[in-house]
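Novice: I am attaching a structure below and will ask some questions about it afterwards.
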Amino acid sequence: MRIFVIGAHGNVGQLLISQLVAAGHTVTAGIRVEQQTDELAQLGATPVLFDLTKQPKALAPLFADHDAIVFTAGSGGKTGDDQTLLVDLDGAVKSMAAAKIAEVSRYVMVSALFVEDRTKWPESIKPYYAAKYYADHWLEFSGLDWTILRPGTLTNDEATGLVTMQPSGGQVARADVAAMIRTVLEHPTETIHKKFSFVNGDLPLIDAIKKAD
């Protein structure tokens with residue numbers, strides 16, 4: 001499978017690339033700055049400059065000949081709310097439009113736990129949650145073969161390969177988020193047009209997915 005990763009230089013993105021390459025997939029790494037090229041090439045990906053502020057028609061050629069797109073980009077905690085709007089919402093929506101133009105139907109979105117419930121949005125990052133809420137909804141009606149992943153609080157712990165679905169809260173290792181992305185890509189029948197909220201737990205990933213279904 002040939003997979004384009006948006007947000008490839010992020011922590012989850014780099015872990016995902018390593019896992020996908022190890023599993024025999026071909027990965028294109030969308031990066032914001034040229035200085036990230038060597039680092040991602042060493043992970044086995046083909047880096048390309050990818051600017052989410054550009055228009056869909058400019059982004060679409062980069063998606064050509066891919067089998068799937070993963071959106072795991074984020075404006076980052078050090079930027080203002082304006083960048084959250086332009087990257088996490090508008091950038092995400094433009095990437096969906098570009099996927100449609102390029103005729104790449106498979107699209108996996110990394111979102112956040114409790115995005116669908118406004119009463120549980122953390123006060124400190126409400127603009128981020130609002131952006132993800134509307135990006136998720138746009139994806140659901142995009143006509144793409146989507147999967148939305150909503151992990152709990154991210155940690156740098158070692159991967160466990162075990163999760164719990166529909167949690168009331170909790171944490172999940174970034175390496176397990178990457179593994180969940182890889183799993184849903186490799187099991188489209190069980191995951192297309194599905195949303196999965198999860199934290200680390202006691203079920204192997206594919207078992208948890210099938211049980212949630």
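The values are calculated or read from the model by the stated rules, or taken from the named source; none is laboratory data. None of the values given here were measured: they were computed from a predicted structure. Neighbour counts are summed over all protein chains in view; Cβ atoms, including those assigned to glycine, are modelled from backbone coordinates with ideal geometry.
Novice: Looking at Leu86, is it more than 14 Å from the chain's Cα centre (by Cα), at negative phi and at pLDDT 95 or above?
Specialist: no
Novice: Pull up the stretch 37-55, narrow it to residues that are buried (at least 16 other Cβ atoms within 10 Å of the Cβ) and within 19 Å of the chain's Cα centre (by Cα), then point me to the one that is farthest from Val93 (Cα to Cα).
Specialist: Leu43
Novice: Any residue at all in the stretch 137-145 that is among the charged types (D, E, K, R), surrounded by 13 or more Cβ atoms within 10 Å (Cβ to Cβ) and in a strand (DSSP E or B)?
Specialist: yes
Novice: Still on this model: Which one is nearest to the chain's Cα centre (by Cα), of the residues in the stretch 1-17 that are farther than 26 Å from Glu103 by Cβ and in contact (Cβ under 8 Å) with a residue 60 or more places away in the chain?
Specialist: Val12
Let's see how each residue does on (1) without any contact (Cβ under 8 Å) to a residue 40 or more places away in the chain; (2) farther than 16 Å from Val70 by Cβ; (3) of a type in the set (S, T, N, Q):
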position	(1), (2), (3)
His137	yes, yes, no
Ser142	no, no, yes
Pro151	no, no, no
Ala159	yes, yes, no
Thr164	no, yes, yes
Gln171	yes, yes, yes
Val177	no, no, no
Met180	yes, no, no
